[in-house]
Amino acid sequence: QVQLVESGGGLVQAGGSLRLSCAASGGTLNSYGVAWFRQAPDKAREFVAAMNNWWTAALTYYADSVKGRFTISRDNGKNTVYLQINSLQIEDSAVYYCAAAAKTSSYTGDYHYWGQGTQVTVSS
């Protein structure tokens, strides 16, 4: 059973940057496809970024709305996945969740393991 814990959220001004972390325990994270999703108030949880497991060349995928601003990465030694967020926009405000599954996809239903989320709030 993989446990995921996110951190790194906070209040930041528009145009700023944050790096979110997702630390895993109970399993080796590079064996899984991993993803970041986000959920704003009164909105559905939406896909942000994903990375394949290590034997599929760790390919990355991004939602169109974040391409060029968000970067997903892994540190296998720390069993941690990161989401670097640059050029933050007010509409990026949401709770950000990391997730892991055997199969990488952009669908929440494909993910078996979820963290508790970390709040990102972007001010003008």
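List of remarks:
- Counting all C-alpha pairs of the range 49-115, share separated by more than 19 Å (%): 34
- Under Stokes-Einstein, with the Kirkwood radius over Cα pairs as Rh, the value for the range 1-69 at 37 °C and 0.692 mPa s is 237 µm²/s.
- Here the chain is treated as an ellipsoid with the same Cα gyration tensor; its semi-axes, largest first and in whole Å, are 23, 14, 14.
- At R0 = 22 Å, FRET efficiency that the Cβ-Cβ distance of Ser7 and Thr71 yields, to 0.05: 0.80
- Legend: calculated FRET efficiency, Ser25 to Gln119, from the Cβ-Cβ distance at R0 = 22 Å, rounded to 0.05, equals 0.50.
- For the peptides 27-38, 95-106, 11-22, 58-69, the ranking by mean Cβ contacts within 10 Å, running from highest to lowest, is 27-38, 95-106, 11-22, 58-69.
All of the numbers you see were taken from the coordinates with simple rules; none came from a lab. Only a predicted model underlies this, so the values are computations on that prediction, with no experimental measurement involved. Quick reminder, even Gly has a Cβ in these numbers, built from the backbone with ideal geometry, and neighbours come from all protein chains shown.
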